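Participant: Just passing along the structure, written as structure tokens.
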Amino acid sequence: MSPFLVFITFSFLSSAYGSLLHNFHQIPLPKTRLGYTYKNGSLGAPVQIDMYMCLQCGDARVAFPVMRDVADHYGPNLVRVVFHGFPLPYLKGSFLAVQSTRSVDQLLPHKTVDYMQSIYDNSHRIGGSARNVSDADLIQVFTELAVDVGIEESVFLTRFNDENGEYQVNRLCRHEWKMTITHGVYGSPWFFINDMPIIDFDVHWTKENWTSIIDPLLEDYRDDGGDVPTCRPGDDGCSIHVTEKPCPSGTPSFYQMSRHLSVLFIILIIGCHVNHEL
């Protein structure tokens, strides 16, 4: 291969690679963290649990009350639980369920969890409904459930239908779904504890299964040897001080590393072709 052809090939591949990077889509950044925090769980709690769940998923329906029991067992200062709506596209009414949940959360946030439980309790009317039941029929069900928790029908429907207005209910639901899949979540329910995935979760887990995982994480927070930790650094009367180690400076991100490796790979391919021609 002549030097001219090598130059043309390299220029073409560089342009294509640059175009790929230029078209990389940035998910719009939300103004606040997405998800629904259970009972005002503290951002400073040593154990942070994120549960991603489809509101029409049978396994998530079973796990949801168990996770609430776990949060109540430890209290909001030690364990913070955040629920995230993750609609599975093959389950009927799943996206409408998360859209209605966000509507309720914006209007009456202290009723969000109760509303989610109500959706699970009525899943036979939503995901389990007949094929000829339309989205309009399902929205009517979600509206009735919203009225049951104390929201006027007209107020709920106005907020539910706010797609691109001031509250952007539909848009926020889409952004949360995109955020979820960037975390590698592909099923429901899906759990993270302190940002680490719980791979071996089983739908039959009870509160005791969860406490066997969480208790060792709270060894340094026990108060006078009690079974349940009651002391958190920063609380009045707590002498425990935990200092987080900073991340090493200058550590390249995965995106930066992938860019460098891709360029190196292209150069190696061109070099192999040139050596073969020579």
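Participant: Ignoring ligands, DNA and RNA, what accessible area per residue does region 73-182 give at 1.4 Å, in Å²? Provide the component values of the computation, followed by the final result.
Facilitator: On the way: 5020 Å² over 110 residues.
With the other protein chains kept in place, region 73-182 gives 46 Å² per residue.
Participant: Hey, rough spin-label estimate for Q106 and I27, points 7 angstrom out along Cα→Cβ, what's it come to in nanometres?
Facilitator: Placing both labels 7 Å along Cα→Cβ, they lie 1.9 nm apart.
Participant: Could I ask something else about it? First measure r as the distance between the Cβ atoms of D121 and H175, then evaluate 1/(1 + (r/R0)^6) with R0 = 30 Å and state the FRET efficiency to the nearest 0.05.
Facilitator: Result of the calculation: an efficiency of 0.60.
Participant: Please list 3J(HN,Hα) in residue order for region 173-184, calculated via the Karplus relation 6.51 cos²θ - 1.76 cosθ + 1.60 where θ = phi - 60°; whole Hz, with x for glycine and proline.
Facilitator: Values, residue by residue: 5, 5, 5, 5, 4, 5, 4, 5, 5, 5, 8, x Hz.
Participant: What is the dipole size for region 30-154, taken about its Cα centre, with +1 at each Lys and Arg Cβ and -1 at each Asp and Glu Cβ, in debye to the nearest 20?
Facilitator: Computed about the Cα centre, the dipole is about 380 debye.
Participant: Using r as the Cβ-Cβ distance of E166 and H73, and R0 as 41 Å, what FRET efficiency do you calculate, to the nearest 0.05?
Facilitator: Computed FRET efficiency for E166 and H73: 0.60.
Participant: Taking a ≥ b ≥ c as the square roots of the eigenvalues of the Cα gyration tensor of region 70-136, is the shape rounded (a/c under 1.5), prolate (a/b larger than b/c) or oblate?
Facilitator: On the way: a/c = 2.55, a/b = 2.11, b/c = 1.20.
Here region 70-136 falls in the prolate category.
Participant: Across the Cα atoms of region 32-162, what radius of gyration and what greatest pairwise Cα-Cα distance (Dmax) are found, in Å?
Facilitator: 14.8, 48
Participant: If we count every other residue with Cβ under 13 angstrom of P109's Cβ, Lys/Arg +1 and Asp/Glu -1, where does the sum land?
Facilitator: Working: positive: K39, R102, K111, R159; negative: D105, D114.
Neighbour charge sum, excluding P109 itself: +2.
Participant: May I ask you to list the chymotrypsin sites (Phe, Trp or Tyr not before Pro) in region 20-119 that are in a DSSP loop and have at most 15 other Cβ atoms within 10 Å of their Cβ?
Facilitator: Hits after loop and neighbour filter: F24, Y90.
Participant: Heavy atoms only, probe 1.4 Å: what % of the accessible area of region 54-96 goes to carbon and sulfur, would you let me know?
Facilitator: The value for region 54-96 is 56 percent carbon and sulfur by accessible area.
The values are calculated or read from the model by the stated rules, or taken from the named source; none is laboratory data. This one's a predicted model, so the numbers in the text were calculated from it and none came from an experiment. Virtual Cβ from ideal backbone geometry, glycine too; neighbours counted across all protein chains shown. To get the accessible areas, we keep the full protein, side chains included, count just its heavy atoms, and leave off ligands, DNA and RNA. Shrake-Rupley method; radii C 1.70, N 1.55, O 1.52, S 1.80 Å.
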